[in-house]
């Protein structure tokens, strides 16, 4: 799949009209082969340490990257570091794709422009991208990642951080289909960061799964 095709597909799916986030639903989610656990084969990433954003391979700074290879699912968990730097957010790239690489689901209870139930840092926050004390990071090109972005890989891919202005971290790790399904069907809560159900962007029918 060409990079431009992948990006256009992902952006189109992220902008898909959605049903009420508070309605439980049966999510159709294609179960693709998980025959070889995805592993890192190179890169300038940091290894996970206690206190870090959850992930096996931490891609924290501009220019840091991780090379992945295998047949299975991966989770890319986001953290917007607006207390360190705000401004335009230039998302990671997925390059060197060999084989199949698909964005398949979003979860973690929220997307970064959602309004949190209580401020993650400081006071006066409007969404997960900033607060009145620190300022705000804003996505470019309509990109609005979920807290957990899920991908399917059957081959190779390189994930590279391109932060500039608006700072962020991404924690990358191999994940299972069952755990993704559990995440995207976790019910919202009245407090905390579980604001809405996640979504499957890989239905068997190939259409947008944005209805209950």
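No value in this document is a laboratory result; all are computed from the given coordinates. What you see is a predicted model; the values in this text were computed from it and never measured. Glycine also receives a Cβ, built like all others from the backbone with ideal geometry; neighbour counts cover every protein chain displayed.
Along its first, second and third principal axes, ordered by size, the range 39-188 spans 44, 35, 33 Å in Cα coordinates. Modelled spin-label separation between residue 49 and residue 100, with each label point placed 7 Å from Cα along the Cα-to-Cβ direction: 3.9 nm. Share of Cα-Cα pairs in the range 47-89 beyond 12 Å, in percent? Taking all Cα-Cα pairs of the range 47-89, the fraction more than 12 Å apart is 71 percent. Per-peptide packing, taken as the mean over residues of other Cβ atoms within 10 Å, places 65-73, 96-104 in the sequence 65-73, 96-104 from highest down.
Across the range 23-97, Cα-Cα pairs farther apart than 22 Å form 39% of the total.
Each peptide in 37-48, 144-155, 160-171 was scored by the mean count of other Cβ atoms within 10 Å over its residues; highest first, the order is 144-155, 160-171, 37-48. Each residue, residue 113 and residue 30, gets one label point 7 Å from its Cα in the Cβ direction; the gap between the two is 2.7 nm.
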